[in-house]
Number of protein chains: 2
Amino acid sequence: MATQILASGALQPLQKSQHLEVKRQTSRAVLNYGRSSLPSRLFQAKPAHSGRQQACRSAGRSTATSAVLSTEIPTIPHNGTSSSNRRVMIIGGDGYCGWATALHLSARGYAVCIVDNLVRRTYDIQLGLDTLTPIATAQKRVQKWGEISGKHIELEICDICDYEAFGEVFRSFKPDAVVHFGEQRSAPYSMIDRARAVYTQHNNVIGNINVMFAIKEFNPDCHLVKLGTMGEYGTPNIDIEEGFITITHNGRTDTLPYPKQGNSFYHLSKVHDSHNIHFATKAWKLAATDLNQGIVYGVKTEETVADPVLINRFDYDGIFGTALNRFVIQAAVGHPLTVYGKGGQTRGFLDIRDTVRCVQLAIDTPADRGEFRVFNQFTEQFSVNDIAKIVNREGDKLGLNVQVSSVPNPRVEAEEHYYNAKHSKLEELGLQPHLLGENLMESLLGFALEYKDRVDLNLIKPAVDWRTTSSASGTKTAAVARH
Amino acid sequence: MATQILASGALQPLQKSQHLEVKRQTSRAVLNYGRSSLPSRLFQAKPAHSGRQQACRSAGRSTATSAVLSTEIPTIPHNGTSSSNRRVMIIGGDGYCGWATALHLSARGYAVCIVDNLVRRTYDIQLGLDTLTPIATAQKRVQKWGEISGKHIELEICDICDYEAFGEVFRSFKPDAVVHFGEQRSAPYSMIDRARAVYTQHNNVIGNINVMFAIKEFNPDCHLVKLGTMGEYGTPNIDIEEGFITITHNGRTDTLPYPKQGNSFYHLSKVHDSHNIHFATKAWKLAATDLNQGIVYGVKTEETVADPVLINRFDYDGIFGTALNRFVIQAAVGHPLTVYGKGGQTRGFLDIRDTVRCVQLAIDTPADRGEFRVFNQFTEQFSVNDIAKIVNREGDKLGLNVQVSSVPNPRVEAEEHYYNAKHSKLEELGLQPHLLGENLMESLLGFALEYKDRVDLNLIKPAVDWRTTSSASGTKTAAVARH
């Protein structure tokens, strides 16, 4: 059923007359997805402007347009700390975090452009994987969102490693902020074989360099909000700070980038990105926020549950799935939870409803020109054993009789270690976390039970061994491809 | 004049009968440079072996072959701390440091294979640059070396980014150690334009990943000796340690990778390499030594001065030249020394005669499997102003009347800063440094004066501005290409 989004952020069904009106109005927008022409917008004028200051002025000019339409579809007030109608490009906006973020920001009045080459879907095809939840095509997603919300999301199918194409999109959309999710984001994928290790580092590092060059060339005031990972830090035996650490050594003191120890070619690609971005903030005075994100869980946000066509992905396979997602699926289908090794591996976690809010907070309070700002983006830390206990406890409440077993760890990682990572900066900006223990059923287990007929248990087995990565193609052993 | 190398390392002219004999014996070797077939060797048998232990055995077997030839050309005893005849692959062996190292090791009984795609020479062609000293082709270099020394250096023209080709070379040569100089090594080159920034990071990072995969797959006992740079550390306000720093923080202590702050896309590429190698030593138990090298100066080594065909390059242009090389050329031709900005930029330096010795020390005392060993490879530290003073002083002795001027700094870097970098590990292994103040005439100024008719002053100007790097082709403003 189509719904509308109220100022409160809650979704309610549209009245029939509203629905028809919205469909008519969005028809122009949903017909032009490609790169060749940029769709006109329903809510935002597209003035020629450059720089943050001009962008703010353009937001003011577009208010009149919004007002005309507000009798049919209420314009959603901006929940953040600054004025809305910022132009936000979301690279990787068809992916798990990117899609939720695009909807979240669109619902709150930001002008959103998704830039995505849709290669995440290709990974699944090539490896025989599938999301638990049946996701619509990117094109149908933005079409449905337009119908439901009256908000237009621009969709550009574009590979950011192709600078000519990306530059064209960037110049056309004129973003005030770029949120960069558009990287290969699986550690096991990067360890399948040499070709995928190389692909991951090339795709991620070069793509990010291109984004930095586009900002430098076309709008140096544009704020880069880059998704990093808590995995960049590894598991040091001291507290993990947010990006930088003050070191006193031989009687002198300096605040330096926190030492990095990525444990896969994927994690390392984000380490490389962080170093490159830090340099660009110094050499070119770019404004950048590096969000070192923890493990994200949860299917639902206010927007993704508005219609089945908007549903987000739920990856539970051995390549893209997390331990938490795997456990939830195993609990739903009556399979013992498979803990890798001793289970003491501890990481930061957050609900996807907090991911989208964190990104918004970063956009609303941008880094200064020349500033390399790092936030640790997670809300709670758990060991694998902790996660197994929570799933066990919540499963028991539903009578699922959850068992736990240990399997050999396919990764090379510390299985018992100190872990204490700071994460106060986003909370200081206003983040109010959702907590896993209270939300497991709502955020994950409910979906696992609803879609459990779609579960392919072959996908859950460990698919990639860190020790055996080689130049030979690894797809035969990765996930279902081995069958 | 052809020379021979004595056990002492000094070069003396060959007797005529020796010379003829050597030429006859090396004729087979110099005919096959390409990838398609591997040349037979004069001094080393090529037994089927894998792993360090087997390689040592094969070295024993080849002694008989050497003994036959030792009446014509004495086999140079190995100066290091362990047995000789190690099989050493030198990636980038046609470059400035690589060529000197290849000769140094070959002269001392190591079986040497140069792997190089010769792209360094292409950079010069494309940008209109040239080395002060006229260098011979790679093919003529190894041919002449064979004639003079009776030692065969294998030359494989191969791009390590082409894993299929590189893997074939690696499997054929079966190195016990790989010395990896094979990267784009100029900071200004990496800042010419977007394409060269991308090229530098792709070429360096992916090439190094390929080297790691080849070692892992074909001989995990092979010792990776990787050339990093002191520039990886940037200019922190605390002492720079050798690779790692022990940090006590909130009551806990850990020894972590030293924080990195590269100040160009080139320096950052080496930062990325270091992180990737560190990971490979943990995940795959590779044995790796990262040589964070300072600024290398000097043209001569014992071997490169043996014949004009063996002469090494001397880069003084704005892209590949160092401030020291530029100053020496300026002194030779009566141009004021051009100090970038305030001249307080302080870096580590070493004579190329120490570079080759450092690499040998690293090979002779290899890292253990699983060890990521980092040496800071320099012997003295100077500011740009210090360097100008030394050139001024030494130039005065020759009546050169050296002037100094300041020009706007095209780089983004601290021009006045604390700098104290440790460099004791190589000296603990036996390095006895050459010092710049005592050797400037012999190592550099003599060559500058000898070849000053070849100087093109247009090449000396600052050619690349860090602040203006863009996606537009930068070759029009780089060095002579702008004329």
Every residue from the stretch A:407-421 that is within 16 Å of residue A:326 (Cα to Cα) and surrounded by fewer than 16 Cβ atoms within 10 Å (Cβ to Cβ): A:407, A:408
Name the residue, out of B:266, B:297, B:316, that is of a type in the set (Phe, Trp, Tyr) and within 14 Å of another protein chain (Cβ to nearest Cβ). B:266
Quick check: anything in the stretch B:230-239 more than 11 Å from chain A (Cβ to nearest Cβ) and under 19 Å from the mean Cα position of the chain (by Cα)? yes
Go through the stretch B:381-412 and give me each residue that's basic (Lys, Arg) and over 21 Å from residue B:446 (Cα atoms). B:411
What number goes with the only condition from (1) part of a helix (DSSP H, G or I); (2) of a type in the set (Ser, Thr, Tyr); (3) surrounded by fewer than 24 Cβ atoms within 10 Å (Cβ to Cβ) that residue B:355 does not pass? (3)
Out of curiosity, is residue A:135 at pLDDT below 95 and buried (at least 21 other Cβ atoms within 10 Å of the Cβ)? no
Here the residues within the stretch A:435-475 that are in contact with a helix residue (DSSP H, G or I) (Cβ under 6 Å, 6 or more places away or on another chain) and either polar (S, T, N, Q) or in a loop (DSSP other than H, G, I, E, B) (or both) are A:455, A:458, A:463, A:464, A:470, A:471, A:475
For residue A:215, indicate whether it is buried (at least 22 other Cβ atoms within 10 Å of the Cβ), assigned to a helix (DSSP H, G or I) and either over 19 Å from the mean Cα position of the chain (by Cα) or free of Cβ contacts under 8 Å to residues at least 24 places away in the same chain (or both). yes
By residue number, the members of the stretch A:312-352 that are over 30 Å from residue A:108 (Cβ atoms) and part of a helix (DSSP H, G or I) are A:323, A:326, A:327, A:329, A:330, A:331, A:332, A:333
Assess whether residue A:193 counts as being crowded, with 20+ Cβ neighbours inside 10 Å, of a type in the set (D, E, K, R) and either within 11 Å of chain B (Cβ to nearest Cβ) or in contact with a strand residue (DSSP E or B) (Cβ under 9 Å, 6 or more places away or on another chain) (or both). yes
Regarding residue A:218, is this residue farther than 26 Å from residue A:444 by Cβ and among the hydrophobic types (A, V, I, L, M, F, W, C)? yes
All but one of (1) of a type in the set (Val, Ile, Thr); (2) more than 22 Å from residue A:203 (Cα to Cα); (3) surrounded by 24 or more Cβ atoms within 10 Å (Cβ to Cβ) hold for residue B:200; state the number of the condition that does not hold. (2)
Restricting attention to the stretch B:371-416, the residues that are part of a strand (DSSP E or B) and more than 28 Å from the chain's Cα centre (by Cα) number exactly 4
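Residues are listed down the side, and each one gets a yes or a no for (1) loosely packed, with under 15 Cβ neighbours inside 10 Å; (2) within 19 Å of residue B:351 (Cα to Cα); (3) within 14 Å of another protein chain (Cβ to nearest Cβ); (4) touching a residue at least 60 places away in the same chain (Cβ under 8 Å):
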position	(1), (2), (3), (4)
B:366	no, no, no, yes
B:381	no, yes, no, yes
B:386	no, yes, no, no
B:390	no, yes, no, no
B:423	no, yes, no, yes
B:431	no, yes, no, yes
B:441	no, yes, no, no
Residue satisfying condition, being in contact (Cβ under 8 Å) with a residue 60 or more places away in the chain and either farther than 19 Å from residue B:89 by Cα or hydroxyl-bearing (Ser, Thr, Tyr) (or both), within set B:165, B:177, B:195: B:195
Per the filter on the stretch B:240-261, residues assigned to a strand (DSSP E or B) and either more than 7 Å from chain A (Cβ to nearest Cβ) or in contact with a strand residue (DSSP E or B) (Cβ under 9 Å, 6 or more places away or on another chain) (or both) are B:240, B:244, B:245, B:246, B:247, B:248, B:249, B:253, B:254, B:255, B:256, B:257
Determine which single condition residue B:292 fails, assuming it passes every other condition in (1) outside any strand (DSSP E or B); (2) in contact with a helix residue (DSSP H, G or I) (Cβ under 7 Å, 6 or more places away or on another chain). (1)
Out of A:216, A:174, I need the residue that is farther than 26 Å from residue A:315 by Cβ and in contact with a strand residue (DSSP E or B) (Cβ under 8 Å, 6 or more places away or on another chain). Which one? A:174
Output yes when any residue across the stretch A:398-411 is out of contact with any Cys (no Cβ under 6 Å at 6 or more places or on another chain) and free of Cβ contacts under 8 Å to residues at least 40 places away in the same chain, and no when none is. yes
Taking into account only those residues within the stretch B:222-239 that are surrounded by 24 or more Cβ atoms within 10 Å (Cβ to Cβ) and among the β-branched types (Val, Ile, Thr), which is farthest from residue B:415 (Cα to Cα)? B:225
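Rundown of residues vs (1) touching a strand residue (DSSP E or B) at 6+ places or on another chain (Cβ under 6 Å); (2) assigned to a loop (DSSP other than H, G, I, E, B); (3) among the hydroxyl-bearing types (Ser, Thr, Tyr); (4) more than 14 Å from every other protein chain (Cβ to nearest Cβ), yes/no style:
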residue: B:106; (1), (2), (3), (4): yes, no, yes, yes
residue: B:112; (1), (2), (3), (4): yes, no, no, yes
residue: B:131; (1), (2), (3), (4): no, yes, yes, yes
residue: B:134; (1), (2), (3), (4): no, yes, no, yes
residue: B:144; (1), (2), (3), (4): no, no, no, yes
residue: B:148; (1), (2), (3), (4): yes, no, no, yes
residue: B:151; (1), (2), (3), (4): no, yes, no, yes
residue: B:166; (1), (2), (3), (4): no, no, no, no
residue: B:178; (1), (2), (3), (4): yes, no, no, yes
If you scan the stretch B:443-464, which residues turn out to be surrounded by fewer than 20 Cβ atoms within 10 Å (Cβ to Cβ) and either more than 25 Å from residue B:305 (Cβ to Cβ) or within 14 Å of chain A (Cβ to nearest Cβ) (or both)? B:457, B:458, B:461, B:462
Inspect the stretch B:309-323 for any residue being within 21 Å of residue B:423 (Cβ to Cβ), under 17 Å from the mean Cα position of the chain (by Cα) and touching a residue at least 60 places away in the same chain (Cβ under 8 Å) and give the result as yes or no. no
Report yes if residue B:281 is more than 8 Å from chain A (Cβ to nearest Cβ), surrounded by fewer than 19 Cβ atoms within 10 Å (Cβ to Cβ) and in contact with a strand residue (DSSP E or B) (Cβ under 9 Å, 6 or more places away or on another chain), otherwise no. no
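The values are calculated or read from the model by the stated rules, or taken from the named source; none is laboratory data. In this text the structure is predicted, and so the values were computed from the model without any measurement. Note that each Cβ is placed from the backbone with ideal geometry, even for glycine, and that neighbours are counted across all protein chains shown.
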